[in-house]
Amino acid sequence: LSASQFALSDELGFLFHMMRASAGSCCQPRNFHRALKQSREASALHLVDVVDVEGSLLSKAPLWSTICKFVPFLLEQLRREAREAKLAAARSREEADARRAKQREMEMLTGAAGGAEGGKASLDAMVA
């Protein structure tokens, strides 16, 4: 799951999971719809609330036009979220590596201060 509360990729994954689990029953895409409504780009493209509960068009634009705008929007959004997740994972790995390096450094310093035996162990650690 991503850090964002309204990640379309998470909600789309959840929607597909629910459709698989429903075994053909009807699924309501409320979470996905809520995430979509939070997107400024989706609102600017008039992708939100295009049809009412009965499926009647609320927009003056034809449905095929909305679909043609929705597909590239969704693909771009998924690409953007995947890129952000990849960058966040890389940052997290870098931070974990820095913490481990600092911890090793502290262990070496405290080992060196422990006397002759501790000093020998820390020298062995530095050589290894």
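The values are calculated or read from the model by the stated rules, or taken from the named source; none is laboratory data. None of the values given here were measured: they were computed from a predicted structure. Backbone-built Cβ (ideal geometry, glycine too); neighbour counts: all protein chains shown. Please note that ligands, DNA and RNA were not included when accessible areas were found on the heavy atoms of the full protein model with its side chains. Shrake-Rupley method; radii C 1.70, N 1.55, O 1.52, S 1.80 Å.
Might you let me know whether the stretch 64-81 holds any residue that is over 22 Å from the mean Cα position of the chain (by Cα), open to solvent by less than 60 Å² (accessible area, probe 1.4 Å) and modelled with pLDDT of 85 or more?
yes
Confirm whether ALA35 is hydrophobic (A, V, I, L, M, F, W, C) and exposed (fewer than 12 other Cβ atoms within 10 Å of the Cβ). Answer is no for this residue.
Considering the stretch 52-63 alone, what residues qualify as being within 16 Å of LYS37 (Cβ to Cβ) and open to solvent by 70 Å² or more (accessible area, probe 1.4 Å)? Once the filter is applied, which keeps residues that are within 16 Å of LYS37 (Cβ to Cβ) and open to solvent by 70 Å² or more (accessible area, probe 1.4 Å), the stretch 52-63 yields VAL53, LEU58.
Summed over the stretch 39-65, residues that are farther than 22 Å from ASP10 by Cα and of a type in the set (S, T, N, Q) total 3.
Can you find a residue in the stretch 89-97 that is assigned to a helix (DSSP H, G or I), modelled with pLDDT of 90 or more, open to solvent by 60 Å² or more (accessible area, probe 1.4 Å) and within 23 Å of MET18 (Cα to Cα)? Talk me through it step by step, then tell me what you get.
First, the residues of the stretch 89-97 that are assigned to a helix (DSSP H, G or I): 89-97.
Now restrict to residues that are modelled with pLDDT of 90 or more: 89-97.
From what is left, the residues that are open to solvent by 60 Å² or more (accessible area, probe 1.4 Å) are 91-95, 97.
Retained after the next criterion (residues that are within 23 Å of MET18 (Cα to Cα)): none.
No, the stretch 89-97 contains no residue that is assigned to a helix (DSSP H, G or I), modelled with pLDDT of 90 or more, open to solvent by 60 Å² or more (accessible area, probe 1.4 Å) and within 23 Å of MET18 (Cα to Cα).
Taking first residues from the stretch 26-51 that are under 13 Å from PHE73 (Cβ atoms) and partners that are among the polar types (S, T, N, Q) and part of a loop (DSSP other than H, G, I, E, B), the Cβ contacts under 7 Å between residues at least 6 apart in sequence or on separate chains come to HIS46/SER59; VAL50/SER59.
Name the residue, out of ALA112, ALA128, that is in contact with a helix residue (DSSP H, G or I) (Cβ under 6 Å, 6 or more places away or on another chain), more than 28 Å from GLU11 (Cα to Cα) and at pLDDT below 90. Exactly one residue qualifies, and that residue is ALA112.
Of the residues screened, GLU84 is one that is out of contact with any Gly (no Cβ under 8 Å at 6 or more places or on another chain), closer than 28 Å to VAL48 by Cα and at pLDDT 90 or above.
CYS68 fulfils the conditions (1) farther than 18 Å from LEU12 by Cβ; (2) in contact with a helix residue (DSSP H, G or I) (Cβ under 8 Å, 6 or more places away or on another chain); (3) part of a helix (DSSP H, G or I) except for a single criterion, (2). Against the criterion of being open to solvent by 100 Å² or more (accessible area, probe 1.4 Å) and in a helix (DSSP H, G or I), ARG100 qualifies.
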